[in-house]
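The values are calculated or read from the model by the stated rules, or taken from the named source; none is laboratory data. The shown structure was predicted, so the numbers you read here are calculated from the model rather than taken from an experiment. FYI the Cβ positions are ideal-geometry reconstructions off the backbone, even for glycines, and counts take in every protein chain you see. Surface accessibility is based on the protein's heavy atoms, side chains included, excluding ligands, DNA and RNA. Shrake-Rupley method; radii C 1.70, N 1.55, O 1.52, S 1.80 Å.
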Amino acid sequence: TLTVDLSTYPYESIAPLCDMLFIDIETTGFTARSSSLYLIGCAYYKEERFHTIQWFADNYQEEELLLYHFFNFAQTYRHLIHYNGNLFDIPYLEAKCLQYDLPFNFNCMAGTDLYKRILPYKNILRLSSLKQKAIEDFLGIERDDGYDGGQLVNIYHDYVSEPKEFSLQLMLLHNYEDLRGMIRIVPVLAYADIFNLPIKVEKAGKNKYTDADGAERSEILMEIRLPNALPVSISYGWTDCYLLAHEKTAKLKIALREGELKFFYPNYKEYYYLPSEDTAIHKSVAAYVDKGHREPAKASNCYGKKSGVFLPEWEPLFAPVFRENYHDKTMYFELTDDFKKDSKKFTKYAEHILQIMAHPIV
């Protein structure tokens, strides 16, 4: 049995506990046709606790027997949970079934790949790698097993030639630790939830700070209620956006832009550009301007200007949209008094910034 603190994350938001089946396999290679499957381990929930079950092949000929026992056991479960199983475990097992002409597959099971769910947030979490062990280290989870799957390949080959109990226990322990670790890293999904579940901005206000050059600047500071508690505090910065998250709250800081920006008019062919005033005017009023002081506008100079306080955005979320230059990817909208009073707009803006931090525009 496994002791797991289920209060660290709402496990049942994934699937009912009784429907979950955690799976991890051990093989001698990455390709089903040219390698051997020697161990399948599962963890499942029953009688208010997690249990494990393992099927081990004492020799290369027992692959088919492993598959048969595993799939007969797994057929009562509805939700498969794994780590990088979409790319390895599942296609490997299905390829082995085809190899032995076994009528088994995972078509009737939903699935959660923990690796795939956390992959987009590697940089935000400052992970050294995306191996399961790296996630365990990030969460402060320790394991008794000191081997990786690659190191166990030769141990298994030696075991087939000369079975030793010590070698068997090493292989079983590694698989067991992978299963236990997989269950215990589920709370890492709380970080993905920040970017995929609804959040709420509970407070927003203007704040003064000193930048790296010693200049005094202003920022918007939003205090956010997170969907689920984070197991480890995180901090992350991107351009002029900064995220600090702890347990169920986060602070999101975005530097304000104060000064003058440009609003680029659509349909530039309907405008003239006035070089002396560095602005564009519509042709309907251009009759009052001397021809020597105007020229046909181009997309890059067809703009008006406005002074104010602005916030950045990377898609036209709030209008009107301002830029410093025509081809800039960073856009801005004016921080008006009406915006300051609208908590829903702040929440929408916070969600936009979080998405950009997770998936930056290059």
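The table that follows gives values for the structure above.
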{"item": "Residue selected from the stretch 97-133 under the condition closer than 20 Å to TYR11 by Cβ and of a type in the set (Phe, Trp, Tyr), by the criterion farthest from the chain's Cα centre (by Cα)", "result": "TYR115"}
{"item": "Subset of the stretch 331-360 (residues that are under 25 Å from the mean Cα position of the chain (by Cα), without any contact (Cβ under 8 Å) to a residue 24 or more places away in the chain and surrounded by 14 or more Cβ atoms within 10 Å (Cβ to Cβ))", "result": "MET331"}
{"item": "Filter result for PHE310 (farther than 30 Å from GLU223 by Cα, in contact (Cβ under 8 Å) with a residue 24 or more places away in the chain and in a strand (DSSP E or B))", "result": "no"}
{"item": "Criterion violated by HIS327 - all others in (1) surrounded by 13 or more Cβ atoms within 10 Å (Cβ to Cβ); (2) assigned to a loop (DSSP other than H, G, I, E, B) satisfied", "result": "(1)"}
{"item": "Lone unmet requirement of (1) charged (D, E, K, R); (2) assigned to a helix (DSSP H, G or I); (3) at pLDDT below 95 for LYS345", "result": "(3)"}
{"item": "Subset of the stretch 1-16 that is assigned to a loop (DSSP other than H, G, I, E, B) and closer than 16 Å to LEU179 by Cα - its residue that is farthest from the chain's Cα centre (by Cα)", "result": "THR1"}
{"item": "Hits in the stretch 264-318 - residues which are of a type in the set (Phe, Trp, Tyr), in contact with an Asp or Glu (Cβ under 7 Å, 6 or more places away or on another chain) and open to solvent by less than 40 Å² (accessible area, probe 1.4 Å)", "result": "TYR273, PHE310"}
{"item": "Spans of strands (runs of 3 or more DSSP E) in the stretch 146-250 with at least 2 residues open to solvent by 60 Å² or more (accessible area, probe 1.4 Å) and over 30 Å from GLY29 (Cα atoms)", "result": "200-210, 216-225, 241-246"}
{"item": "Lone unmet requirement of (1) part of a loop (DSSP other than H, G, I, E, B); (2) under 21 Å from LEU335 (Cα atoms); (3) among the aliphatic types (A, V, I, L, M) for ILE254", "result": "(1)"}
{"item": "Qualifying residue in the stretch 297-307 (condition: closer than 19 Å to ALA255 by Cα, part of a strand (DSSP E or B) and hydroxyl-bearing (Ser, Thr, Tyr))", "result": "yes"}
